[in-house]
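Reading through the structure tokens given below for one structure.
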Amino acid sequence: QVQLVESGGGLVQAGGSLRLSCAASIRSFSNYGMGWFRQAPGKEREFVAAIDWRGGGIIYADSVKGRFTISRDNARKTVYLQINSLKPEDTAVYYCAGYRDVWPTMQSKPDYWGQGTQVTVSS
């Protein structure tokens, strides 16, 4: 059974930073691609970033390029999302995603989801 648990969300002023973490209970974490999605109030869940099993293949949504950084630590079975220069429009619930595909693309559908962590950015 795969469980993904996010942490690190909170309330932050515009221009600030947050680091989200996702701890995975997966036997072979390095066999999975990982990613982050977000869902703002009244909007559909959208792709944010994904990272391949080794951490070498990374893709971002255009809206977050240059501000967000995804990374992973296979030894700790954890994936991170560093968010800088936060904007009010970044306010959303951020979800960790796990893929059986070790090289996820923007169109890949996750196989596992975390419960989400709220990020709220005040102007």
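The values are calculated or read from the model by the stated rules, or taken from the named source; none is laboratory data. Since the structure is predicted, the reported quantities are computational estimates derived from the model, not experimental observations. Here the Cβ is made from the backbone with ideal geometry for all residues, glycine too, and neighbour counts use every protein chain on show. What goes into the accessible areas is simple: the full protein's heavy atoms, side chains included, and nothing from ligands, DNA or RNA. Shrake-Rupley method; radii C 1.70, N 1.55, O 1.52, S 1.80 Å.
Between residue 54 and residue 11, with labels modelled 7 Å along Cα→Cβ, what's the label distance in nm to one decimal, could you check?
4.5 nm
Quick one: pull the percent of accessible area on segment 12-123 belonging to carbon and sulfur, 1.4 Å probe, ligands and nucleic acids left out.
Heavy-atom surface of segment 12-123 belonging to carbon and sulfur, 1.4 Å probe: 47 percent.
So for 6, 46, 89, what's the accessible-area order with a 1.4 Å probe, most first?
If we order 6, 46, 89 from most to least accessible, we get 89, 46, 6.
In the chain, what % of DSSP beta bridges are antiparallel (nearest 5)?
Bridges in the chain are about 90 percent antiparallel.
Rolling a 1.4 angstrom probe over the protein heavy atoms, how many square angstrom per residue are accessible across the chain?
53 Å²
So what does residue 25 come to for accessible area, using a 1.4 Å probe and Å² rounded to 10?
Accessible area, nearest 10 Å²: 50 Å².
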